[in-house]
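Novice: Below are the structure tokens for one structure; questions will follow.
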Amino acid sequence: MSQQTLTPALNLSTSDALFTRAKNHIPGGVNSPVRAFRAVGGHPVFMQSAQGAWLTDVDGNRYLDFINSWGPMILGHAPQIVLDAVQGAIGNSLSFGAPTRREVEMAELIKQMVPSIEKVRLVNSGTEATMSAIRVARGYTGRTKILKFEGCYHGHGDSFLIAAGSGALTLGTPDSPGVTPGVAQDTLTVPYNDLAAVEQAIAANDGQIAALILEPVVGNMGLVVPAEGYLQGLRELCTQHGIVLIFDEVMTGFRLARGGAQELYGITPDMTTLGKIIGGGMPVGAYGGRQDIMDQVAPAGKVYQAGTLSGNPIATAAGIAQLTYLQQHPELYDELNRITTRLADGTRQICAELGLNYTVNQVGSMFSVFFTDKPVVNLEDAKTSDTEAFGRYFQGMLHRGIYLAPAQYEALFVSTAITDELVDHYLTACREAMREAHSL
Ligand SMILES: Cc1ncc(COP(=O)(O)O)c(C=O)c1O
Ligand SMILES: N[C@H](C=O)CCC(=O)O
């Protein structure tokens with residue numbers, strides 16, 4: 001056994017005090033469950049500010065950020081172009097509840113970047129986008145059931161909290177109490193990356209499935225990559241059976257390529273849901289797709305969906321600024337890919353050197369280290385991970401100034417602010433924290 005590295009001390013006293021206060025007023029002390037650190041032990045870190053690749057907490061500690069607000073901050077924190085756009089918009093009112101020029105510009109931009117989208121509706125979160133998309137698919141097809149995949153997460157709409165990923169999985173409530181049996185019976189679930197299971201589900205529910213919804217690259221059971229031909233197979237099955245194929249690109253949209261996973265894999269879905277990056281850090285979501293489907297949405301059609309703050313002028317200003325930058329800088333995707341490949345390969349190599357043949361999955365600027373030596377292609381594989389060891393590793397990284405997602409079943413997101421020097425910094429911490437987590 002080699003020499004053990006001691007975890008550097010970290011003063012989190014202000015965070016701890018805030019968490020104590022928060023628990024008196026907010027369920028579990030947080031406004032979204034995974035933030036509570038339940039899966040990794042310790043208390044959540046309360047953040048104060050961020051710039052580029054770095055977060056600063058309320059105690060003054062600095063962390064290299066590999067969550068980036070769960071994906072939106074692809075250009076790092078507080079990019080000047082987004083700040084300028086927001087500041088420019090603020091003086092003209094924070095909300096109108098009436099149409100604005102920016103909503104038109106945002107819709108045009110989204111359509112240019114994601115050509116499968118012929119019409120698009122802006123909402124306020126990824127959850128709203130997916131909830132609305134399945135309602136539209138049901139209205140369009142006149143069918144009731146949807147098919148989703150075990151470990152995929154599509155926000156917290158009732159229909160999706162069945163075999164759900166992300167915090168629902170981490171906290172052991174993939175089928176949430178409060179979802180009525182009536183709703184649950186209309187959600188069919190099958191394992192990811194298994195075309196035969198999809199065929200069987202379709203055959204067993206002939207003519208009843210309105211939509212098949214999936215994360216084309218899954219980020220919510222850790223990162224899971226679609227097998228060769230899988231997305232194409234789903235496309236063909238949906239076409240054959242009149243099922244609306246919905247790509248939930250809330251995470252992958254504008255991240256894996258300018259046109260998202262559908263551009264990367266060359267598959268055209270009928271509908272797409274978006275969020276995260278399109279808001280530049282502000283609360284925005286969107287759903288869109290084929291014109292004949294989207295024209296079902298009120299007031300063009302009869303499927304109702306609305307929002308007091310939808311198309312908010314500040315959120316659209318931030319989103320347009322970030323999307324325009326991405327559209328004009330296609331080269332940044334190659335660079336993000338190169339940097340993330342260094343992170344993923346480096347982590348793999350460190351694990352191998354330590355005798356831990358852990359699985360590291362990566363696509364573009366998303367990656368995950370699964371604490372298992374099994375290849376991870378679905379939820380069952382992901383669940384073979386040693387989550388206790390992951391928790392120790394997470395704490396070791398945190399204490400070395402690296403901020404990872406506080407759960408095994410989440411992906412990491414890399415921003416353009418991560419340089420080669422910062423990759424080296426991450427890898428040094430990774431080696432020490434891996435050794436420490438396994439007492440090597
Ligand atoms: C793939 C996917 N869909 C939908 C959502 C829901 O988005 P939001 O948290 O903005 O409601 C998320 C993230 O939470 C997501 O990762
Ligand atoms: N995996 C979730 C979305 O990306 C994590 C964010 C959350 O639930 O707070």
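Novice: Which pairs have Cβ atoms under 8 Å, sit 6 or more apart or on different chains, and link a residue in region 355-375 that is at pLDDT below 95 to one that is assigned to a loop (DSSP other than H, G, I, E, B)?
Specialist: Partner pairs satisfying both residue conditions: 357/373.
Novice: State which residue is farthest from residue 213 (Cα to Cα) when the search covers only region 226-249 and only residues that are within 16 Å of ligand 2 (Cβ to nearest atom) and out of contact with any His (no Cβ under 8 Å at 6 or more places or on another chain).
Specialist: Top of the filtered list is 249.
Novice: Under 7 Å by Cβ, and 6 or more places apart or on different chains, what pairs join a residue from region 259-279 that is at pLDDT 95 or above and among the charged types (D, E, K, R) with one that is part of a helix (DSSP H, G or I) and within 14 Å of ligand 1 (Cβ to nearest atom)?
Specialist: 276/126
Novice: Right, here's the next one. Would you check which residues across region 138-197 are within 13 Å of ligand 2 (Cβ to nearest atom) and assigned to a helix (DSSP H, G or I) and list them?
Specialist: Correct list: 160, 166, 167, 168, 169, 170.
Novice: Also, I was wondering about something else. Please work out which one of (1) open to solvent by 20 Å² or more (accessible area, probe 1.4 Å); (2) part of a loop (DSSP other than H, G, I, E, B); (3) modelled with pLDDT of 95 or more is the condition residue 345 fails and give its number.
Specialist: Just one mismatch for residue 345, condition (2).
Novice: Tell me whether region 315-328 contains one or more residues that are out of contact with any helix residue (DSSP H, G or I) (no Cβ under 6 Å at 6 or more places or on another chain), away from ligand 2 (no atom under 16 Å from the Cβ), without any contact (Cβ under 8 Å) to a residue 60 or more places away in the chain and under 30 Å from residue 83 (Cβ atoms).
Specialist: Yes, that holds for at least one residue.
Novice: When the residues of region 377-409 are narrowed to those that are of a type in the set (Lys, Arg) and not in a helix (DSSP H, G or I), which ends up nearest to residue 166 (Cα to Cα)?
Specialist: Checked region 377-409; the qualifying residue nearest to residue 166 (Cα to Cα) is 383.
Novice: Going by the structure shown, is residue 84 open to solvent by less than 70 Å² (accessible area, probe 1.4 Å), touching a residue at least 12 places away in the same chain (Cβ under 8 Å) and not polar (S, T, N, Q)?
Specialist: Against the criterion (open to solvent by less than 70 Å² (accessible area, probe 1.4 Å), touching a residue at least 12 places away in the same chain (Cβ under 8 Å) and not polar (S, T, N, Q)), residue 84 does not qualify.
Novice: Still on this structure: For region 253-289, which residues satisfy the criterion of being assigned to a helix (DSSP H, G or I), open to solvent by 10 Å² or more (accessible area, probe 1.4 Å) and within 16 Å of ligand 2 (Cβ to nearest atom)?
Specialist: 276
Novice: For residues that are surrounded by fewer than 18 Cβ atoms within 10 Å (Cβ to Cβ) and of a type in the set (Val, Ile, Thr), scanning just region 180-199, find the one that is nearest to residue 217 (Cα to Cα).
Specialist: The qualifying residue nearest to residue 217 (Cα to Cα) is 183.
Novice: Being surrounded by fewer than 21 Cβ atoms within 10 Å (Cβ to Cβ) and closer than 22 Å to residue 418 by Cβ is true for just one of 355, 401. Which residue is that?
Specialist: 401
Novice: Restricting the search to region 200-258, which residues are among the acidic types (Asp, Glu) and within 16 Å of ligand 1 (Cβ to nearest atom)?
Specialist: Matches in region 200-258: 215, 248, 249.
Novice: Sticking with this structure for a sec: Got at least one residue in region 113-130 being within 22 Å of the chain's Cα centre (by Cα), surrounded by fewer than 18 Cβ atoms within 10 Å (Cβ to Cβ) and more than 16 Å from ligand 1 (Cβ to nearest atom)?
Specialist: yes
The values are calculated or read from the model by the stated rules, or taken from the named source; none is laboratory data. No experiment lies behind these values; they were computed from the predicted model shown. With ideal geometry, Cβ positions are generated from the backbone for all residues, glycine too; neighbour counts draw on all protein chains shown. SASA here: full protein model, heavy atoms, side chains in, ligands and nucleic acids out. Shrake-Rupley method; radii C 1.70, N 1.55, O 1.52, S 1.80 Å.
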